[in-house]
1. Go through PHE293, PHE305 for me and flag whichever is crowded, with 22+ Cβ neighbours inside 10 Å and of a type in the set (Phe, Trp, Tyr).
2. Only one residue in GLY348, GLY355, GLY404 is open to solvent by 40 Å² or more (accessible area, probe 1.4 Å), small (Gly, Ala, Ser) and either outside any loop (DSSP other than H, G, I, E, B) or not assigned by TED's automatic domain parsing to the domain that holds LEU184 (or both), so which one is that?
3. In the stretch 353-367, how many residues are of a type outside the set (A, V, I, L, M), in contact (Cβ under 8 Å) with a residue 12 or more places away in the chain and out of contact with any helix residue (DSSP H, G or I) (no Cβ under 7 Å at 6 or more places or on another chain)?
4. Are any residues in the stretch 238-263 within 11 Å of the ligand (Cβ to nearest atom) and open to solvent by 10 Å² or more (accessible area, probe 1.4 Å), and if so, which ones?
5. Among the residues of the stretch 198-233, write down those that are crowded, with 24+ Cβ neighbours inside 10 Å and more than 11 Å from the ligand (Cβ to nearest atom).
6. From LEU168, LEU159, LEU174, LEU184, which residue is away from the ligand (no atom under 16 Å from the Cβ), open to solvent by less than 50 Å² (accessible area, probe 1.4 Å) and closer than 21 Å to VAL228 by Cα?
7. Only one of SER115, SER144 is of a type in the set (Gly, Ala, Ser) and open to solvent by 50 Å² or more (accessible area, probe 1.4 Å); which?
8. Of the numbered conditions (1) of a type outside the set (S, T, N, Q); (2) part of a helix (DSSP H, G or I); (3) within 16 Å of the ligand (Cβ to nearest atom), ALA39 satisfies every one except a single condition; which is it?
Amino acid sequence: MMKINAPLQTLNVEKIRKDFPILLRKVNGKPLVYFDNAATSQTPQQVIDVIVDYYSNYNANIHRGVHTLSQEATDKYEHARDTIQRHFNAKHKHEIILTSGTTHGINLVASGFSSFLKKGDEVLVSALEHHSNIVPWQMLCERSGATLRVIPMNQEGELILSEYDKLLSDKTKLVFVNHISNALGTINPIEEIIKKAHNVGAAVLVDGAQACPHLKPDVQALDVDFYVTSAHKMCGPTGVGMLYGKEEWLKKLPPYQGGGEMIAEVTFEKTTYADLPHKFEAGTPNICGGIAFGAAVDYMNNIGFDAIAKYEHELLVYATQKLLDIHGLKIYGTAKNKTSVISFNLDGIHPYDIGTILDKMGIAVRTGHHCAQPIMDFYQIPGTVRASFAFYNTKEEIDKLVDGVKKAQRMLT
Ligand SMILES: *Cc1c(COP(=O)(O)O)cnc(C)c1O
């Protein structure tokens, strides 16, 4: 275990914080301490500038007009797709579908799979999922007659792989798992999960929304069939994200929405679809958002994911030890392999009341079930307080959180 009082030196955080104008803000008269990064991350000036530049200088629809603005917008949008392809190491550019976010990507795949599944088939979903990775699969099973089965978790918040082995069979067609749990921070062993699924001929979709702010996934090395994420969890804007799919899967999947931009030819008798990726990109997309997503990926790579991971781990260790010193505080999710998310409760106190007091002190945390009610049911609690740290947070901010939690405890007991 590292010394908890050693200075954190892996990143120049003071300099990084200057990139985020919102961090200068006061909330209820106190400097903002933003610990709700697992819900959405903050946006650096470099990304804000790209958004302002788009609307100030070249706002136009893409892939359509021959005029200069449309071509500039198209070039920048496609350049963002290149950046995202390189970042995730997809083999082909057309394997990157720009979506409105993780939820959209999951629904696109779930909807397309309806035609591949029949009664008796099974789809496996992990016990650690976000609602957006549960409900679409339930709807898919209702439509197709397939059965949903759940890979269980243990008290630490880790998936039980021996149970996963027992669930896998030649009936298994699809496995859905998040890379990192948003409620507990558990990093799931997706390499192993993917390999085992492929051994029985099942496809795997990984929800990477919570992983992409912390690490750099390599979709080819993972050999994953589908990988989805949202830009707003990794310093980009809301309402845009990515679905990666292996070319052979994307060719087989039917389009999700009909409309402009996704067709090759339209007559009233028959429409033929555009090539990938446009087959899945009906209508005018979030053009500015896509371009800003590319800028966010560049921004994070400039800081460096190795340095980010190392620094955030230091924050996690520091905060865990400090919080556990508080009498009556329990942390949910103690996986060996986890990111900088701490879900906790104080004995006899509702998480909402703690969150409200912390807000008065300028500290933003999430309270509630974190869109993961099955996990809360597992622990038999209504919810937790969740503090989630990013690379722009500091030890001093964690000290404020710890003081705030102690104060809340004094006020509420
Ligand atoms: C945030 C999140 C989602 C949902 O992302 P949207 O941007 O709301 O579509 C899904 N899964 C996980 C693990 C998340 O953290």
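The values are calculated or read from the model by the stated rules, or taken from the named source; none is laboratory data. Owing to the predicted nature of the structure, the values given are computational and were not obtained by experimental measurement. FYI the Cβ positions are ideal-geometry reconstructions off the backbone, even for glycines, and counts take in every protein chain you see. When the accessible area is computed, the model is the full protein with side chains, heavy atoms only, and any ligands, DNA or RNA have been set aside. Shrake-Rupley method; radii C 1.70, N 1.55, O 1.52, S 1.80 Å.
1. Testing whether each residue is crowded, with 22+ Cβ neighbours inside 10 Å and of a type in the set (Phe, Trp, Tyr) leaves just PHE293.
2. So the residue among GLY348, GLY355, GLY404 that is open to solvent by 40 Å² or more (accessible area, probe 1.4 Å), small (Gly, Ala, Ser) and either outside any loop (DSSP other than H, G, I, E, B) or not assigned by TED's automatic domain parsing to the domain that holds LEU184 (or both) is GLY348.
3. 5
4. THR238, GLY239
5. Correct list: LEU205, HIS214, VAL224, PHE226, TYR227.
6. Values: LEU168 fails: closer than 21 Å to VAL228 by Cα; LEU159 fails: away from the ligand (no atom under 16 Å from the Cβ); LEU184 fails: away from the ligand (no atom under 16 Å from the Cβ).
Checking each option against the conditions leaves just LEU174.
7. Details: SER144 fails: open to solvent by 50 Å² or more (accessible area, probe 1.4 Å).
Just a single option satisfies the conditions, and that option is SER115.
8. If we test ALA39 against (1) of a type outside the set (S, T, N, Q); (2) part of a helix (DSSP H, G or I); (3) within 16 Å of the ligand (Cβ to nearest atom), just (2) comes out false.
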